[in-house]
Structure formats: structure tokens, C-alpha cells
Amino acid sequence: MSAPLVIILILGLCYSFTIAPDITWAHFSADGGDLITATATGGVPHPSGYPLYLILARPFQFIPVGTLAFRTNLFSAVCTILAALVLYAFLIHHLHGHPRTNFISLIAALAYGLAPFVWGQALVTEVYALHGLLMIVSVYVLSLETPRASEWARGFVFGIAATNHLTAVMIFPLILLDFHQGLFVSARVFLIRCIGILSGLSLYLLLPVRAYFDPPVNWGNASTADSFIWLISGQIYHDYVFSLTFADVIQRFRAFAGLLLEQYTWVGVLLGIYGLFSLASRRMLIVTLWLGMAFLFYAVFYGSKDSQVHLLPVWLAFAIWLAYGLQDLCELLHDRHKIQLSLAGLLFAILLIRIPFTFPYVDVSEDFQARDFIDQVLEEIPNDSLVFIDGDEQIFSLWYAQYALHRRTDILFIARGLLPYKWYIESLDHTYPNINIPERDELQPGYLIAANPNRVVCYISADRPLLCIQTASQSEHTSKEYHDLNLICLQGKSLPFTYCGRLL
Amino acid sequence: MKRVTRFSIAIVLVGILALTASGVWASQKFKGTVPTLPPNGEGKCPDTVDMGTALFTPQDDDCTISVEWIGTDTGEYADPPNGLVCVSDAFDVVVEPPTTLVKVCYAYPPELAEKDAKIYRLNEEANPAVWVEVTGAEIKDGVICVTTTPGYFALIGNP
């Protein structure tokens with residue numbers, strides 16, 4: 001059986017038994033609801049807008065099987081299998097002529113695809129599976145021996161990678177590298193590659209087009225130059241970078257050590273580090289070190305709660321080092337074919353033996369937490385309610401339920417944290433024609449409640465039970481609590497203002 | 001570099017990784033995709049500052065007010081009186097001029113009434129500082145209110 005077929009078979013089987021059947025919050029996929037909904041409704045998800053993801057994931061949503069979320073999850077699985085295949089091809093290309101190249105490349109590709117973190121990302125809706133694929137494609141295309149005419153294409157792939165995830169700009173400096181003659185490319189080639197990058201980046205222009213049609217998910221409303229820049233530059237998250245304390249940074253480096261051992265086991269890590277020091281090609285050393293270090297430092301210093309997702313290219317670089325480590329060992333044993341085969345067989349066996357141990361850790365095939373949350377909330381909320389929501393998981397799940405699946409369209413869902421943004425108010429105005437939005441410089445929940453009397457007011461948050469209280473006469477309202485959902489609803493006839501009190 | 005040297009370095013580094021490895025990825029709780037509203041509020045009198053769990057209304061027309069959410073654990077400033085605990089959010093209220101009175105209203109659902117919760121103000125002049133109940137509280141329509149001078153406020157009641 002050919003090695004690519006083995007990769008497809010093993011990863012395909014593992015992923016198909018563990019993939020999430022519906023929307024999920026597992027494996028850092030709280031944003032999944034936002035991405036699914038934006039893809040399905042012609043919308044624009046959170047910054048930087050991910051136009052490439054929107055285009056490529058959409059065809060999967062038409063596959064006539066399972067839920068809309070499941071079909072979008074499938075796209076991640078396919079991207080991860082493709083990434084493993086490209087990694088295999090990349091290693092075959094660069095290890096060509098060495099003993100056991102085929103087997104070494106197969107083991108490294110499977111090690112990547114079966115690493116718990118990579119496996120987890122293959123099962124949920126997020127942009128990181130595609131990000132991993134684009135990173136290995138970029139590095140592969142950069143290193144291919146092709147005619148000069150394709151220099152534009154090399155740049156284009158780098159540019160297009162950044163239209164899926166903005167952090168891909170961190171590998172842009174690699175286009176300075178020449179894989180075939182001198183260490184650096186000439187000014188002319190560099191210029192052509194830069195034009196290629198700009199051509200790829202032009203896909204971002206899709207976002208203003210989508211924004212023009214006022215979709216329900218329309219982050220930034222990128223119809224003006226300023227709002228477009230705000231969106232694609234991820235301005236809303238700029239203060240996340242370098243926002244950690246020194247102690248947090250140390251803690252993250254320690255956690256990285258744990259995660260690395262978790263991905264590849266101590267045998268794999270030993271081989272990977274050995275491979276890093278065994279890299280004979282200076283260019284390969286620069287490319288893989290740059291890829292690994294840039295994303296490691298970004299993940300460590302980026303202050304979001306789920307920043308470890310940015311480590312995925314690090315795991316990719318490590319799989320390449322692992323292959324080089326194995327290759328060096330095979331060269332050492334060049335005249336001992338039986339020992340070579342035994343070593344390769346042992347590593348392959350370790351990979352297979354690990355599967356049942358990783359399986360329960362990554363398995364989300366029975367994960368219905370998000371779906372149950374949606375079902376319960378939509379069943380409990382009274383008709384025509386005004387519902388304020390806090391928390392990524394809660395907001396995006398309910399967007400998915402209402403905007404993508406068209407359930408309970410009578411409810412007005414308000415993401416409280418987005419109220420200070422003008423584009424969000426405009427989006428609410430288009431999405432809910434019946435809502436009254438008072439003209440205020442700073443729109444607070446109280447003003448919205450006052451402008452929309454006779455609606456039940458609800459509040460949903462992730463952290464702790466919350467109670468809504470109004471200061472009007474008690475006789476004018478009744479309240480109902482749903483402690484298991486952290487949901488409290490309050491019925492009011494005339495609400496001068498309402499505020500919420502948390503129950504500890 | 002010789003193979004033995006490379007392999008030795010790799011073994012040492014794996015050892016260091018194994019010894020320093022930790023399972024916790026330090027994270028800042030509130031930094032997700034959707035931004036959270038800042039825990040501070042400010043306004044020009046007589047506007048009310050709405051902090052979600054409490055409202056602060058200056059009793060004058062010519063002043064400025066700023067309110068900072070300081071958490072739910074008042075122990076950093078002073079422990080609650082014996083046997084009592086902080087049952088809601090605590091705030092630092094600053095009004096300019098500082099002699100301006102402020103009406104402080106906390107959400108007061110039945111659960112908090114059952115805990116006999118009352119509004120306390122931090123007496124910073126005492127050494128050490130102590131939480132002192134603000135007398136004259138008015139409880140009506142699910143809200144407990146007092147009018148007093150600016151300072152640190154907390155809702156404290158039975159556990």
C-alpha cells in the first residue's frame with residue numbers, strides 16, 4: 001500500500017470516529033459558531049475576517065450529510081489530512097536519496113496528524129487546520145526547484161496564507177531566501193515575490209463586498225477604508241500582544257514544554273531535537289527555526305486565553321526536525337538494514353499504540369454541550385425577548401442557532417461586549433428591523449431596554465448565575481430564574497432602567 | 001558536530017523540558033474574541049453610572065464621578081466583620097468635589113435579602129481599615145440604596 005494512502009486511511013479513520021457531530025466548544029473552538037454562521041450567511045467573522053476560510057469552507061456546507069456544523073467540521077479534517085500529505089511530499093522531496101526516505105516521511109507525517117493538538121483541531125470548526133496546511137504549502141513551494149517564472153506564485157502562496165490567518169505574515173521574511181543558489185534572492189526576484197504576496201492578500205477585498213449586503217454577522221462593517229483597515233489589521237486585539245506579566249510568560253514557556261512532550265512523546269522530542277542539530281541544509285534550518293520560533297514566541301506573548309492554538313506551526317516544524325533526526329539515525333545504520341527496519345517499525349508501532357491513548361483525550365463525537373445549551377436556551381426564552389449575552393461560546397452558539405439555522409427568529413440577541421461598536425449597532429438595526437435603538441453616544445443595555453418596552457429581558461453569561469432586576473414597581477414584572485443555564489429572565493411593562501445583579 | 005555530541009545535547013534538552021514542564025497555559029480570563037466591557041465607569045453629574053450590579057448617582061449637578069470595579073473579594077482592603085462575607089461586587093467611587101453625596105443602589109434579589117446583606121463603606125481612617133455598615137438603607141423594588149460620601153463600597157451579608 002502506498003504511503004499517501006496509509007496517511008489518508010489512518011488519519012481518516014481516526015478523525016471520522018472522533019469528529020464533532022455538531023457545533024462544539026471543545027479544542028478551543030468557541031469561535032466555531034461565528035465562523036460557521038459567517039460562512040453560511042455570506043457574513044464577515046471576527047477580525048481579521050478570514051476570507052480564504054470563508055470561500056473554502058462554504059462548499060463543505062453543501063454536502064448532504066449531518067448538521068451544518070458537522071459539515072464545516074469536516075473541512076478541518078480534510079485540511080489536516082492534506083497538511084499531512086503535503087508534509088509527506090515535502091519530506092520525500094528534501095530527503096530524496098537517503099535511506100528509508102519513504103518510511104521516515106510517512107512516520108513524520110503521521111506523527112504530525114496524530115499529535116493530540118493537531119488531531120483536536122481536525123475535529124472542530126476553526127481556522128487552524130487550514131492554517132497548518134497553508135504553512136507547510138508555503139514552505140514547500142518556497143523550496144521547490146521551479147523556473148523563475150513561478151517566483152510570483154511563491155509570493156502568492158505566502159499572501160494567500162495570510163488571508164486565512166493574519167499571523168502568516170510572520171513568515172513573509174522567508175521570501176528573502178533562495179533555496180537554490182545564494183542564500184538570498186536578487187532584488188528582482190524579491191520584488192516579483194512581493195507582487196505575488198500582494199496579489200494573494202488582495203483576497204481581503206472580498207470582505208467589503210460581503211459587508212455591503214448587510215449580513216447578520218458583519219464584524220467591522222468593512223464598507224469604508226477605515227473600517228476595512230480596522231477589520232483586517234485585527235485592531236481590536238492589538239492590546240493582547242505583550243499584555244502578560246513576566247510570571248505568566250515563564251509559566252507559558254513551562255506549559256509549552258509540557259505540550260511538546262504531549263504532542264510527540266519523549267522519544268519523538270528526543271528525535272526532533274537531535275534532528276534540529278543534524279540539519280545539514282542551512283536554508284532548511286533557517287526556514288524551520290523561523291517557523292517554529294516565530295509562532296512559539298507569538299503564542300507565548302499573545303494575551304488571549306486560547307493563544308496556544310498558535311503553536312500549530314511549531315508542531316509542524318517539529319515534525320520536520322523529527323524526520324531529519326530519523327534520517328540521520330538511518331544513515332548511521334546504513335549497512336544494517338535489519339536494524340533500520342526494526343527502528344522504523346518500532347516508531348511506527350509507537351505511533352499506532354498511542355492512538356487508543358490519545359483517542360479519549362481528543363474525542364468529541366459525543367460532545368453535545370453546545371447543542372444542549374442552544375436547545376435549552378431557545379426552549380426557555382419567552383417570545384420576543386431581548387437577550388443580552390456575554391461570553392464567546394454563548395454568543396456565537398446563539399448566532400449559529402438563529403442566523404444560520406433560523407431558529408427562534410423572534411428573539412433579539414445582543415452581544416453586550418459589542419454594544420460600544422457603531423458597526424454592531426448598524427448590524428443589529430439591519431438584522432432586527434423591529435428593534436428600537438436609541439440615539440446615544442454610548443449605548444448601554446439599560447437604554448436598549450428602555451427603548452424596547454414590553455419585551456422580556458434576559459441575560460446569559462458563562463461565569464456565574466445572574467439576576468436581572470428592575471426598579472419599577474414589583475407589580476409590573478415577574479421574574480423567572482434558570483440557574484442551570486445561568487439565565488434569568490425578567491418581564492417588564494415599563495422599564496425606566498434595568499440592571500443586573502450577580503449571585504455568587 | 002559529532003553525532004554523540006548532538007545526541008547528548010538532545011538528551012539534556014529533553015531532560016530540561018521534562019523537569020520544567022507544567023500543565024497550565026497561563027491565560028487572562030477575560031481576553032476572548034468578543035471584548036468585555038471595561039469594569040470602570042465615569043460620568044458628569046447628575047448622570048447615573050451603571051455598573052451592572054450597582055448604580056451610583058451623585059446628589060449634585062456640578063461634579064464628576066468615576067467608579068472602578070475592584071472585585072468580589074474585599075479582603076484586600078479589610079476583612080468583612082466577623083462571620084460575614086462580601087456577597088456582590090465591590091467598587092471604588094471617586095467624586096470631584098469629594099464632599100458630594102452619592103446615592104449607592106445595589107441589586108437586592110430575595111437571595112441577598114435572605115442573607116441580610118447590607119451596604120458597607122470602607123473606613124480608611126481607622127487603623128487598620130474596617131468595613132462599616134452604612135445606616136439608613138432603603139430597600140424597595142429589589143434594590144437597596146444608601147446616600148453617603150464617596151469611597152469604597154461593598155455589599156456584605158451572611159454566607
For this session: Give the number of residues within segment B:73-110 that are away from every other protein chain (no Cβ under 14 Å) and touching a residue at least 60 places away in the same chain (Cβ under 8 Å).
Result: 5
For this session: Within segment A:347-358, identify whether any single residue is under 25 Å from A:SER397 (Cβ atoms), open to solvent by 60 Å² or more (accessible area, probe 1.4 Å), at pLDDT 90 or above and not aromatic (Phe, Trp, Tyr), and answer yes or no.
Result: no
Exercise. Looking at segment B:47-71, which of its residues are of a type outside the set (D, E, K, R), out of contact with any Lys or Arg (no Cβ under 8 Å at 6 or more places or on another chain) and open to solvent by 40 Å² or more (accessible area, probe 1.4 Å)?
Worked result: B:THR48, B:SER66, B:TRP69
Exercise. Which ones in segment A:132-149 are open to solvent by 30 Å² or more (accessible area, probe 1.4 Å) and assigned to a helix (DSSP H, G or I)?
Worked result: A:VAL137, A:TYR140, A:VAL141, A:ARG148, A:ALA149
Problem set entry | Yes/no for A:PHE242 being open to solvent by 30 Å² or more (accessible area, probe 1.4 Å) and in contact with a Gly (Cβ under 8 Å, 6 or more places away or on another chain) | yes
Problem set entry | Within segment B:44-157, strands (runs of 3 or more DSSP E) holding 2 or more residues that are at pLDDT below 85 and closer than 20 Å to A:PRO445 by Cβ | B:54-58, B:85-96, B:102-107
Exercise. Taking the condition without any contact (Cβ under 8 Å) to a residue 60 or more places away in the chain, on the phi < 0 side of the Ramachandran plot, at the interface with chain A (Cβ under 7 Å from one of its Cβ atoms) and open to solvent by 60 Å² or more (accessible area, probe 1.4 Å), does B:VAL24 pass?
Worked result: yes
Exercise. Open to solvent by less than 30 Å² (accessible area, probe 1.4 Å), free of Cβ contacts under 8 Å to residues at least 40 places away in the same chain, more than 10 Å from every other protein chain (Cβ to nearest Cβ) and at negative phi: does that describe A:GLY292?
Worked result: yes
For this session: Select from segment A:189-211 the residues that are small (Gly, Ala, Ser) and free of Cβ contacts under 8 Å to residues at least 60 places away in the same chain and write down the one among them that is most open to solvent (accessible area, probe 1.4 Å).
Result: A:SER202
Problem set entry | Search result, residues across segment A:257-266 that are more than 8 Å from chain B (Cβ to nearest Cβ) and either open to solvent by less than 40 Å² (accessible area, probe 1.4 Å) or modelled with pLDDT under 90 (or both) | A:GLN263, A:TYR264, A:THR265
Exercise. Taking segment A:177-229 as the region of interest, how many residues are closer than 23 Å to A:PRO45 by Cβ, among the hydroxyl-bearing types (Ser, Thr, Tyr) and not in a helix (DSSP H, G or I)?
Worked result: 2
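The values are calculated or read from the model by the stated rules, or taken from the named source; none is laboratory data. For clarity, every value in this text was computed on a predicted model and none was experimentally measured. As a convention, Cβ positions derive from the backbone with ideal geometry for all residues, glycine included, and neighbour counts pool all protein chains shown. For the accessible areas, the whole protein counts, side chains as well, though only heavy atoms, and no ligand, DNA or RNA atoms are used. Shrake-Rupley method; radii C 1.70, N 1.55, O 1.52, S 1.80 Å.
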